[in-house]
Amino acid sequence: MKSCFGTIYPDLEQLQFGKPSTGRVFQILIHSQGAGHRDRRLDTDLKAWQDCQQCGDFRNCFDFSTAKLEMQRTLREL
């Protein structure tokens, strides 16, 4: 298994305002600009996505990354 396995998306547990949260393919940046106003940005590294798709373990990595993302979203809602 490669060291990047399961890291397609950023780790939402590490998300902090004003600091980029980076996964292998996607990066999220949220700037807080006062009460209730946030500037959100999602960046995608298309070259990294293409590299991921060429990996022999892509399907397992994608499934695991997606499952981990869903669990992180669920935990944030509890």
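The values are calculated or read from the model by the stated rules, or taken from the named source; none is laboratory data. In this text the structure is predicted, and so the values were computed from the model without any measurement. Neighbour counts run over all protein chains shown; Cβ positions are idealised from the backbone, glycine included. Note: accessible area is taken over every heavy atom of the protein model, side chains too, but ligands, DNA and RNA are not part of it. Shrake-Rupley method; radii C 1.70, N 1.55, O 1.52, S 1.80 Å.
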Revision key, fill the gap. Straight-line reach check, Lys68, cutoff 18 Å on alpha carbons, 8 or more apart in-chain or any other chain, hits among aspartates and glutamates -> Asp11, Glu13, Asp57, Glu77
Exercise for review: Note down the relative contact order for the chain as a percent, whole number, built from C-alpha pairs under 8 angstrom at least six residues apart.
Suggested key: 30 percent
Revision key, fill the gap. Other residues with Cβ under 11 Å from the Cβ of Thr7 give, with Lys and Arg +1 and Asp and Glu -1, a net charge of +2
Check your understanding: Which value at 222 nm does the chain reach when only helices count, each DSSP H run of 4 or more adding -39,500 (n - 2.57), with the total divided by all residues and rounded to the nearest 500 deg cm²/dmol?
Key -> -12000 deg cm²/dmol
Practice item. Mind grabbing the accessible area of Glu13 for me, 1.4 Å probe, Å², rounded to tens? Key: 120 Å²
Study note, to complete from the structure: At the level of C-alpha centres, the distance separating the stretch 56-78 and the stretch 1-44, in angstrom, is 14 Å
Check your understanding: Dimensions of the stretch 1-77 along principal axes (Cα, Å, largest first)?
Key -> 46, 27, 15
Revision key, fill the gap. For the chain, longest principal axis from Cα atoms; helix 58-77 axis from its Cα atoms; angle between them, nearest 10 degrees, is 20 degrees
Point to revise | Length added when fully stretched, Phe64-Arg38, from 0.36 nm per residue minus Cα-Cα | key: 6.4 nm
